[in-house]
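Chemist: This is the structure, below, for whatever I ask next.
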Amino acid sequence: MATTAARTNPLSYLTDQLNDLKQKGTYFKLRVLEDEQAPVCTFDGKKVINLASNNYLGLTTHPKLREAALAATKKYGVGSGAVRTIAGTMTLHMQLEERIARFKNVEACVVFPSGFAANAGTVSAILGKDDFIISDELNHASIIDGARLSRAKILVFRHKDMAHAEEQLASVKDQAGRKLLITDGVFSMDGDIGPLPPLCELAEKYGAIMMVDDAHASGVLGRNGRGTIDHFKVHGRVDVQVGTLSKAIGALGGYVCGTRDLIEFLYHRARPFLFSTSFPPSVAATCIAAFDVLENEPERIEKLWENTRFWKKELEGLGFNIGGGNTPQSETPITPIIIGDGRLTMEFSRELFAEGVMGTGLAFPTVPEGKARIRTIVTATHTREELEQALEILQKVAKKMGIISNRVIESSGD
């Protein structure tokens, strides 16, 4: 009887690539959270000050959100059982969409399983191969993937460079096909804000669709956290607004806001909407409760910005590079500590963790080569004492590793 030759592993090339990451020092293992997503929490058995979360307002543990989730589970069960277009649209889903539309001052809204799905699903649904996308070079990966899926022709403009954006628009103005001008509201790696007013002017001048991904602005900028459209007062000038429910809102999912016709079209053509089971009732109810909190507890956003101002001032005082020069300057709670070298950044992150600070290292391909950093985000629920302790640890580890010089921390006292 013939023996079967040993099968060669067809995925061995992945092992080679992982080994390459290990050699470069940018390989990582997932850290596991063992309790609540909070300012101080336990990862991998160690209690640490958490500077890595997108939980801007501390809503992941808000009592009103917990109550809403439990009540919805008791009333409606744990799952919706189907995609929205078959049997999975529940009353709570419609109430959430109506709540967001009112909050954002638009005609209608549709929710998606994630912010990534909202971006990718929308761009690929509303454009085709004969159309054009004019996109900021630092836009989020979900925008890039949606652009590729649409098969439209992609023109990239230099980050926040309005002259270059106009040059790209002008180069295709006489060609058939729709034009989509798209930007992040807040850029997730550097924390700077997209220049919406001049972009809206360009969209209007060249007849382009204007789209903004407001993931990191939702709950952070604008009245009660309404985002960059409200921050810049460009209501009615942005055709497609994308937001997230998984950052400041504290739960899960993404949404798209716009005209009723846009939303009805996405109901019919956005593939992540058509082919994904809808939110569990608990998630929809939680998100509704979160928007009530945004309306009724504006002091949370005020505290977020108070902590952010303190954090940026102290980091600069210690000599950390937090942007500027050849890197965009943060204007939001996202505050990068830019190291540059990927290996050194990951080592810095590991040493910080050992000393009691959770600051995740980000290297290529998440950020460009030579721009590796620890991305820090302080929240509304961090205490001043926690932030001061984190600063002491950052200073201690950074001095030991030669990232900053031997300077003494001086509290701003504000």
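The values are calculated or read from the model by the stated rules, or taken from the named source; none is laboratory data. Source: prediction; values computed, not measured. When we count neighbours, we look across all protein chains shown, and the Cβ atoms used for this are built from the backbone with ideal geometry, even at glycine. With ligands, DNA and RNA removed, areas are computed over all heavy atoms of the protein, side chains included. Shrake-Rupley method; radii C 1.70, N 1.55, O 1.52, S 1.80 Å.
Chemist: So residue 305 passes all but one of these: (1) open to solvent by less than 10 Å² (accessible area, probe 1.4 Å); (2) under 18 Å from the mean Cα position of the chain (by Cα); (3) hydrophobic (A, V, I, L, M, F, W, C). Which condition number does it fail?
Modeler: (1)
Chemist: Which condition from (1) open to solvent by 10 Å² or more (accessible area, probe 1.4 Å); (2) in a helix (DSSP H, G or I); (3) over 27 Å from residue 362 (Cα atoms) is the one that residue 81 breaks?
Modeler: (2)
Chemist: Can you tell which of 318, 294 is closer than 30 Å to residue 389 by Cβ, touching a Phe, Trp or Tyr at 6+ places or on another chain (Cβ under 8 Å) and not hydroxyl-bearing (Ser, Thr, Tyr)?
Modeler: After ruling out the rest, the residue left standing is 294.
Chemist: Kindly list the number of the only condition in (1) part of a loop (DSSP other than H, G, I, E, B); (2) out of contact with any Cys (no Cβ under 7 Å at 6 or more places or on another chain); (3) buried (at least 20 other Cβ atoms within 10 Å of the Cβ) that fails for residue 199.
Modeler: (1)
Chemist: Go over the candidates 51, 65, 57 one by one and state the one that is more than 26 Å from residue 357 (Cα to Cα) and either touching an Asp or Glu at 6+ places or on another chain (Cβ under 9 Å) or open to solvent by less than 70 Å² (accessible area, probe 1.4 Å) (or both).
Modeler: 65
Chemist: Report whether or not residue 56 is under 15 Å from residue 286 (Cβ atoms) and either of a type in the set (Ser, Thr, Tyr) or at pLDDT 95 or above (or both).
Modeler: So residue 56 does not fit the description; no.
Chemist: Can you name the strands (runs of 3 or more DSSP E) wholly within segment 91-178 that have at least 2 residues being of a type in the set (A, V, I, L, M) and open to solvent by 10 Å² or more (accessible area, probe 1.4 Å)?
Modeler: 153-157
Chemist: May I ask you to list the residues in segment 207-234 that are crowded, with 21+ Cβ neighbours inside 10 Å, among the acidic types (Asp, Glu) and in contact (Cβ under 8 Å) with a residue 40 or more places away in the chain?
Modeler: 213
Chemist: Could you grab me the full set of residues in segment 287-299 that are open to solvent by less than 50 Å² (accessible area, probe 1.4 Å) and part of a helix (DSSP H, G or I)?
Modeler: Answer for segment 287-299, where residues must be open to solvent by less than 50 Å² (accessible area, probe 1.4 Å) and part of a helix (DSSP H, G or I): 287, 288, 289, 290, 291, 293, 294.
Chemist: Identify, please: which residue in segment 331-363 is at pLDDT 95 or above and part of a loop (DSSP other than H, G, I, E, B) and is, among those, most open to solvent (accessible area, probe 1.4 Å)?
Modeler: Filtering first and then ranking leaves 331.
Chemist: Follow-up. Which condition number does residue 242 fail, the rest of (1) out of contact with any Leu (no Cβ under 8 Å at 6 or more places or on another chain); (2) part of a helix (DSSP H, G or I); (3) among the β-branched types (Val, Ile, Thr) being met?
Modeler: (2)
Chemist: Could you check, for segment 37-50, whether at least one of its residues is at pLDDT below 95 and in a loop (DSSP other than H, G, I, E, B)?
Modeler: No, segment 37-50 has no match at all.
Chemist: Among the residues of segment 223-270 satisfying the criterion of being within 17 Å of residue 193 (Cα to Cα) and among the polar types (S, T, N, Q), which is nearest to the chain's Cα centre (by Cα)?
Modeler: Only one residue fits best here, namely 244.
Chemist: Within segment 60-94, how many residues turn out to be under 24 Å from the mean Cα position of the chain (by Cα) and of a type in the set (S, T, N, Q)?
Modeler: 2
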